[in-house]
Amino acid sequence: MISINTYLIAYICIYLISFAVYIAIEGINLTYLKKFGQKVPVAFEGMIHEKELQKISRYTEDNIRFKLFQTSISKLIFLYVILSGVLPWLAQSLAQMNVIISGLIFFALIGLVEILMGLPFDYYHSFVLEETYGFNTKTLKIWLSDLVKSMVVLIILGTFLLSTLLLMVTYAGQSWWIWAWIIFSLFQLMMTILYPTVIAPLFNKFTWLEDSVLKEAIERLAKTQGLTIERIYQMDASKRTRHTNAYFSGMGKAKRIVLFDSLIRSHGQDEILAILAHEIGHLKKNHIKKQFVLVSLVSLFLFFLASKLLTWEVMYHSFGFLNMPCYVGLFLVGILWEPVNFFMSPLGMAISRKFERQADVYSLGILKTAKPLSTALKKMAKDNLSNLTPHPLYVCFNYSHPPLLERIEYLEAHEP
């Protein structure tokens, strides 16, 4: 065990307070569901019946309890690891090695432990919880294959990014944080191209949209908004899940529309076009670019903060580290930021919800009617067993989109 001092006590208090607030918010949401989620909202009458609403409530309750259990175990294990002294021992064992190599080993071992801890929860979520409610369609072979592929991608990208960051810290002098931020921003841009074209196809099969009528309708809709989209794909999502979705991804020539095959089967053409009109709204409102700018500004602040904290001896000594290797400093900055980020998350969620409302309004302007998008959202709520009555505080911390009921009521109230 490491010795306890004032700074470590302060961190533990903030960490436990954020954990307690998280538990309280989940509990409030569960209580709110039991109180107000037992009656079908007026907007969903005729679409969702009492038995289906009961199933939604059970699914939501089971997910809340599962998340509470998983998070509680993870948080307590993390706290034990921090206080046990195993990380200072690991850093001391790597002290004689090259700083880049030792940093990669340090983070790799922490990452491996985290992955191994998460495996039982991921398995239970897929093959018990999702299976119980008819969502899971993946086999054990696919689950294992996805796990291996994810680890390979993580190792490749993580090694590149972490090595570059450590090189900057070690050799770029006091201005390392500026160069690190530039590289991080370029990496983000690179991922907008690599993810849809290289990474996503490792896990799912993307084929040209088979429905030529739907394809032509999508192209016509895009052209009315001054967009030329040549890549319209359907994804074999039903190979893993029965959840439905659609999205735009990529930038420039890597830009593409992706429709879940489960969405194509369960929604009509007008509804799919309404969903895509919403996504077009994101493009026309430059939400992707705005989010990139916001993330870049936050990361710039974090790199600047890291540049100051990496030379703060008290931080290292408070967590039991005798030396001050830069990779340990980066790890400590990360864990110090986590509880702060939790309390700042409502701001990011609020911005995201604002963007989603703007995209809904844009869709309404394109189609001149709210019915297709409203109907599509109702079907998606039913198909995905979405909670129709989340507590406002839970929405504040967790919802990147406005609650479905709120979106539908707004659309129908503004029907031209």
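Some observations on this one:
- Output for region 365-379, where each listed residue is closer than 15 Å to P41 by Cβ and either free of Cβ contacts under 8 Å to residues at least 12 places away in the same chain or under 22 Å from the mean Cα position of the chain (by Cα) (or both): L377
- A residue that is among the polar types (S, T, N, Q), surrounded by 15 or more Cβ atoms within 10 Å (Cβ to Cβ) and touching a residue at least 12 places away in the same chain (Cβ under 8 Å) cannot be found anywhere in region 75-86.
- Where helices (runs of 4 or more DSSP H) fall entirely within region 170-251, those with at least 3 residues that are in contact (Cβ under 8 Å) with a residue 60 or more places away in the chain and not β-branched (V, I, T) are at 176-194.
- Of residues in region 21-54 being of a type in the set (A, V, I, L, M) and outside any helix (DSSP H, G or I), the one surrounded by the most Cβ atoms within 10 Å (Cβ to Cβ): I48
- Total residues in region 93-102 satisfying the condition of being exposed (fewer than 14 other Cβ atoms within 10 Å of the Cβ) and in a helix (DSSP H, G or I): the figure is 2.
- Residue match in region 55-71 (condition: surrounded by 13 or more Cβ atoms within 10 Å (Cβ to Cβ), under 24 Å from E406 (Cβ atoms) and of a type in the set (A, V, I, L, M)): yes
- Region 320-332 residues that are of a type in the set (S, T, N, Q), paired with ones that are assigned to a loop (DSSP other than H, G, I, E, B) (beta carbon under 8 Å, 6 or more apart): N323/A95
- All positions within region 396-416 that are buried (at least 20 other Cβ atoms within 10 Å of the Cβ) and either out of contact with any helix residue (DSSP H, G or I) (no Cβ under 7 Å at 6 or more places or on another chain) or among the basic types (K, R) (or both): R407
- In this entry, I12 is excluded by the filter for residues that are over 17 Å from V395 (Cα atoms), in a helix (DSSP H, G or I), among the β-branched types (V, I, T) and within 24 Å of the chain's Cα centre (by Cα).
- Criterion violated by T6 - all others in (1) touching a Gly at 6+ places or on another chain (Cβ under 7 Å); (2) farther than 25 Å from E130 by Cα satisfied: (1)
- Per-region count, region 338-375, residues surrounded by fewer than 19 Cβ atoms within 10 Å (Cβ to Cβ), in a helix (DSSP H, G or I) and either of a type in the set (V, I, T) or modelled with pLDDT under 90 (or both): 7
- Picking from residues in region 302-318 that are in a loop (DSSP other than H, G, I, E, B) and over 29 Å from the mean Cα position of the chain (by Cα), the one that is nearest to T6 (Cα to Cα) is W312.
- Residues satisfying the stated conditions in region 257-288, i.e. buried (at least 23 other Cβ atoms within 10 Å of the Cβ), of a type outside the set (V, I, T) and touching a strand residue (DSSP E or B) at 6+ places or on another chain (Cβ under 6 Å): L259, L263
The values are calculated or read from the model by the stated rules, or taken from the named source; none is laboratory data. In this text, all values refer to a predicted model and were calculated from it rather than measured experimentally. Every residue, glycine among them, receives a Cβ derived from its backbone with ideal geometry; neighbour counts consider all protein chains shown.
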